[in-house]
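The values are calculated or read from the model by the stated rules, or taken from the named source; none is laboratory data. Because the structure is predicted, anything quoted here is derived from the model rather than measured. Virtual Cβ from ideal backbone geometry, glycine too; neighbours counted across all protein chains shown. Side chains included, ligands, DNA and RNA excluded: accessible areas come from the protein's heavy atoms. Shrake-Rupley method; radii C 1.70, N 1.55, O 1.52, S 1.80 Å.
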Amino acid sequence: MGWTVLAGVVFVALGVFLFVRPDLLWNWTERWKSTQAEAPSDLYVKSTKFGGVVFALLGVVISVLPFVVK
């Protein structure tokens with residue numbers, strides 16, 4: 001049970017990071033691929049934020065599930 005709660009916390013933290021700082025993720029992973037781009041596109045920001053929400057919700061489910069299914 002401890003591992004699932006820890007995994008849930010990691011997922012929530014990753015989801016919050018993706019939601020709050022999609023531009024930083026873009027700098028780390030995508031900026032080197034383009035010589036002309038100064039910032040991520042609107043689609044990239046929106047899809048990364050959506051992914052962050054999904055990760056955070058999944059983390060909550062992973063954390064709560066062991067207590068519900070006993």
Checklist line | aspartates and glutamates whose Cα lies under 14 Å from that of Lys49, excluding same-chain neighbours fewer than 8 positions away | finding: Asp23
Next item on the list: Report the one residue of Ser63, Leu14, Trp28 whose Cα lies farthest in the direction of the positive end of the charge dipole of the range 6-70 (charges on C-beta: Lys and Arg +1, Asp and Glu -1; origin at the Cα centre).
Entry: Ser63
Next item on the list: May I ask for the angle, rounded to the nearest 10°, between helix 2-20 and the longest principal axis of the chain, with both axes built from Cα atoms and the value confined to 0 to 90°?
Entry: 30
Note to self: Under 10 Å, Cα contacts only: if you run a Gaussian network model on the chain, which one of Ala56, Ala13, Ala37 comes out with the highest mean-square fluctuation?
What the structure shows: Ala37
Next item on the list: Show that you can apply the helix-only estimate: for the chain, add -39,500 (n - 2.57) for every DSSP H stretch of four or more residues, divide by all residues, and state [θ] at 222 nm to the nearest 500.
Entry: -26000 deg cm²/dmol
Next item on the list: Using only alpha carbon pairs under 8 Å that are at least six residues apart, calculate the relative contact order of the chain and give it in whole percent.
Entry: 58
Item checked: Nearest-ten-degree value, helix 42-68 long axis tilted from longest Cα axis of the chain -> 10
Notebook entry, point to check: When ligands, DNA and RNA are left out and all protein chains stay put, how many square angstrom of accessible area per residue does the chain have with a 1.4 Å probe?
Noted result: 75
